[in-house]
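The values are calculated or read from the model by the stated rules, or taken from the named source; none is laboratory data. Since the structure is predicted, the reported quantities are computational estimates derived from the model, not experimental observations. For neighbour counting, all protein chains shown are included, and Cβ atoms are generated from backbone atoms with ideal geometry for every residue, glycine included. Side chains are part of the model used for accessible areas, which takes the heavy atoms of the whole protein and leaves out ligands, DNA and RNA. Shrake-Rupley method; radii C 1.70, N 1.55, O 1.52, S 1.80 Å.
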Amino acid sequence: MGNLDIVSINQQLRQASPEAIIRWALTQQKRTIVTTSFGKNAAALLHLSSQVDSQLPAVWVDTGYNLRDTYVVADKLMQRIPLDYHIFSPKMTSERRNATLGGIPTIEDEALHKDFTYQVKLEPFERAIAQFKPEIWITGIRQQDTEHRKTLDILSWDARGLLKVAPLFYWTDEQIDAYMQSHQLLSCRHYFDPTKVQDGRECGLHTSV
């Protein structure tokens, strides 16, 4: 896929609907996954994806540190939105980590937090990549999320060689909210990512080799 002219294709897709972007990705006939965090408005991308292909593999890296609301909403969404869900978890449970390593390190301890992020999110994602061997990765990232994401576009190459496709890249919060409401989709109102800690930080999933 390396010979795709993604600059030109991005221009073509700029005015396309998220559903049309997903259809474009699937018409490439490459191994494809969609990922989710089951965060605040994750249901929008899952619902859009299911409208195009209900058999699409959907990967959730569950760090083990999600709040109760996330698990409750995730369970309900997986029952309601038809996709081929696969959950990848860290090799060490959060309870064991809390007991033996002291739980979530602060972002001030950069090296320790980097190791923590790798163990609870990046390593499980590596297993997902090894299992599905995707060439296309449909993701919910948006331009306004972080400074890094402002440098990307609807299509971008991941350091792993995957073509990242972001159907919601240019959607505003208002557009997301309107879609969620129109389809009566559950939203996870209490969401915390221990690998990001605060808004505007990358967890490494979209910046790692």
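Restricting the stretch 139-151 to residues that are assigned to a loop (DSSP other than H, G, I, E, B) and in contact (Cβ under 8 Å) with a residue 40 or more places away in the chain leaves a set whose member that is most open to solvent (accessible area, probe 1.4 Å) is Glu147.
With respect to the conditions (1) open to solvent by 50 Å² or more (accessible area, probe 1.4 Å); (2) of a type in the set (Val, Ile, Thr); (3) in contact (Cβ under 8 Å) with a residue 12 or more places away in the chain, Val7 falls short on a single one, namely (3). Entry remark, the stretch 85-116: residues being open to solvent by less than 60 Å² (accessible area, probe 1.4 Å), over 15 Å from the mean Cα position of the chain (by Cα) and closer than 30 Å to Leu185 by Cβ number 2 in total. Anything in the stretch 117-135 that is among the small types (Gly, Ala, Ser) and surrounded by 14 or more Cβ atoms within 10 Å (Cβ to Cβ)? List them, or say none. Within the stretch 117-135, Ala128 is the sole residue that qualifies.
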